[in-house]
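In what follows, a single structure is set out as structure tokens and then discussed.
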Amino acid sequence: MLTDRGFSKRNRRVRSLDVESYSDFVLGFRNWTYNDLDKPARERADEIMTDLRLNAEDAPLDAFRDQFHDDPVIATRIRAWLSSQQLMWQNVLDHYEQHKDFYHADMQDVDDKGPGTLELNTGMDMPDYVKHEIHIQPGGYTGNDFAGPLYHYGTNTFYKGQNNEDEFQFGIAETLAKPRDGKIERIVDIGCGIGRLSVALAETFPDAEVWGLDVGGPLVRYAHRRAVELGTPVHFAQRLAEDTKFEDNSIDIVAAYILFHEVSEQGAKDIVKEVFRILRPGGVFDVTDFHTGRARSNDPYRRFMGWIDHVYNAERWSHQFGQKDFLDTLREAGFEVEKGENRHWGIACYIARKPE
Amino acid sequence: MSVTEASRDTDAETGFVSAEDDFIFADSDNISLFPEQVVDNLMHVVVALGAEMWTMRRRLMVTEKVLEKVGVSSADIEQYQPSEEDLAAWAEERDIFIKRTFGALERRGGANVKQMDFSRNM
């Protein structure tokens with residue numbers, strides 16, 4: 001059934017009560033999985049370490065990984081997460097596939113509308129690091145027409161319902177690092193996804209020209225559709241963050257939200273180099289992402305679940321990202337760097353200024 | 001206000017369903033956490049059933065709210081006195097539901113497959 005169900009504060013409600021309710025179940029089930037169901041699994045992990053007489057501080061993952069993986073209590077915990085995540089995607093995807101003619105027409109209708117613009121480059125070469133199903137999202141960010149709404153309605157469950165109205169993105173926009181001279185005429189949001197931060201930036205800095213770039217065409221297409229609906233002027237473009245097409249020294253602020261942990265080390269270096277090129281002297285690069293450069297956790301269960309995240313949740317690069325201090329990556333490109341105040345959920349803020 | 005020239009000659013409907021040859025699919029349907037895949041499959045079904053059940057319960061809650069607006073309160077629903085015919089029909093439905101959902105718990109294994117020719121080399 002396809003019904004116009006109007007809007008919440010900022011978002012079009014998915015056009016099916018049942019799809020919304022199914023997502024609501026996944027949100028609750030996921031919370032239960034990560035909390036209550038996690039406890040017996042963690043206890044089993046501790047028992048296995050004791051049985052194996054392993055010291056958590058120096059035992060390699062290989063020494064206990066198979067035992068953890070084969071334990072039925074731990075397997076139940078992982079299975080619960082995996083099934084809920086698969087069902088989360090499938091619930092939304094089934095709806096969009098079932099009504100694909102409507103949704104294709106709906107997107108096409110808005111492609112040419114403003115405010116703002118949409119630039120699609122569907123034939124462009126994709127970097128290798130993006131050619132996979134991140135978070136097991138069917139088709140990833142580039143291989144499914146409906147990657148945009150899938151990401152939007154799907155990841156709202158990741159956010160535990162706390163970001164339904166872009167609260168986290170507005171939090172970033174309001175605390176965004178600014179050039180010391182105060183001049184903010186052009187802002188670029190790289191790896192913008194469905195443009196939640198881009199629109200928050202455009203609404204927070206109404207006098208600035210705001211761009212949102214992402215490699216995923218379906219993502220920026222949905223981002224544009226949403227921005228048009230919100231009446232927020234943003235220029236969305238399907239472009240690489242390492243090849244933004246902007247002129248040298250032409251941008252005042254570049255922002256990146258949870259981009260770099262999804263990018264290979266070389267990709268990250270290329271992107272940082274490109275950002276340094278396009279920022280004007282005194283311009284600022286504001287990065288929100290996971291903490292990096294920390295010593296490896298001594299918690300075997302946490303290490304094992306990190307491995308599960310890498311292997312089963314298609315988080316290909318996050319482990320690599322976490323190993324090297326991202327401030328060093330920024331510094332090596334020529335930036336003056338500092339750590340900002342942590343953002344929502346304690347996520348890190350990296351601030352990089354291009355020398356005057 | 002325009003889509004760029006680069007995409008004008010591209011069929012948007014099919015353009016995005018173009019995962020490249022070297023695209024890596026997660027193949028998450030075939031992840032096995034238990035020694036037997038059927039256990040994974042069963043647990044997945046149980047989670048999916050939970051989702052379906054909650055979806056229905058949430059729809060019922062919405063329905064009750066909508067009914068309230070037209071003068072049918074939750075109390076009306078709680079206080080509804082079913083007829084004898086209602087009760088008989090619902091009991092039948094209930095027992096079918098219970099058997100269908102929980103009947104598998106009665107199974108003891110050891111299938112009688114004597115009628116099958118085990119020596120047959122198929």
* Structure fact -> For residue A:9 and residue A:165, extending 7 Å from Cα along the Cα-Cβ vector and measuring point to point gives, in nm, a value of 0.2 nm
* Could you run the Debye sum over the Cα atoms of the stretch A:70-227, one equal point scatterer each and no solvent, and tell me log10 of I(q)/I(0) at q = 0.19 Å⁻¹, two decimals? => -1.27
* To do: Please give the FRET efficiency for residue B:42 paired with residue A:319, using the beta carbon to beta carbon distance and R0 = 41 Å, rounded to the nearest 0.05.
  => 0.85
* Asked: Looking at the protein assembly as shown, what % of its DSSP beta bridges pair antiparallel, to the nearest 5?
  -> 35 percent
* Asked: Restricting attention to the stretch B:29-114, which chymotrypsin sites (Phe, Trp or Tyr not before Pro) occupy a DSSP loop and are surrounded by at most 11 other Cβ atoms within 10 Å?
  -> B:80
* To do: Can you find, among A:48, A:82, A:22, the residue farthest towards the positive end of the dipole of the stretch A:17-113? Put +1 on the C-beta of Lys and Arg, -1 on that of Asp and Glu.
  => A:48
* Partner chain Cβ atoms within 10 Å, averaged over the residues of A:126-137 - can you pull that number for me? => 3
* Asked: If you rank A:124, A:88 by fewest surrounding Cβ atoms within 10 Å, what's the result?
  -> A:124, A:88
* Write out the GluC sites (Glu not before Pro) in the stretch A:1-75 meeting two conditions: DSSP loop, and at most 15 other Cβ atoms within 10 Å of their Cβ. => A:57
* **Hydrodynamic radius (Kirkwood) for the stretch B:34-101, which is based on Cα pairs only, to one decimal in Å** => 15.1 Å
* Scan chain A and note any complete DSSP helix (H) whose C-alpha atoms cover at least 18 Å along its axis and whose Kyte-Doolittle average is -0.5 or more. => A:17-34, A:72-98, A:217-230, A:265-278
* Cα-Cα over 26 Å: which of B:69/B:99; A:273/A:324; A:183/A:324; A:245/A:324? -> B:69/B:99; A:183/A:324; A:245/A:324
* Asked: For the stretch A:128-353, what value does the Rg/Rh ratio take when both radii are computed over Cα atoms and Rh is the Kirkwood radius, given to two decimals?
  -> 0.94
* Asked: What is the distance in Å between the Cα centres of the stretch A:20-77 and the stretch A:116-177?
  -> 28 Å
* Hey, what number do you get for the protein assembly as shown at 222 nm if only DSSP H runs of n ≥ 4 count, each worth -39500 (n - 2.57), divided across all residues, to the nearest 500? -> -15000 deg cm²/dmol
* Computed FRET value (nearest 0.05) for residue A:297 with residue B:25, which takes r as the C-beta separation and R₀ as 35 Å -> 0.75
* Structure fact -> tail above 42 Å in the computed P(r) of the protein assembly as shown, as % of all Cα-Cα pairs, reads 27 percent
* Debye log10 I(q)/I(0) at q = 0.14, 0.17, 0.24 Å⁻¹ for the stretch A:293-356, Cα point scatterers -> -0.55, -0.75, -1.08
* Asked: Based on the alpha-carbon gyration tensor of the stretch A:1-115, what equivalent-ellipsoid semi-axes (square roots of 5 times the eigenvalues) come out, in whole Å, largest first?
  -> 44, 15, 13
* To do: Work out the mean other chain Cβ neighbour count within 10 Å for the residues of A:114-122 and drop it here as an integer.
  => 5
* In peptide B:43-52, what is the residue-averaged number of other protein chain Cβ atoms found within 10 Å of each Cβ? -> 6
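Read-outs throughout are calculated quantities, based only on the coordinates presented, and are distinct from any laboratory measurement. In this text the structure is predicted, and so the values were computed from the model without any measurement. Neighbour counts run over all protein chains shown; Cβ positions are idealised from the backbone, glycine included.
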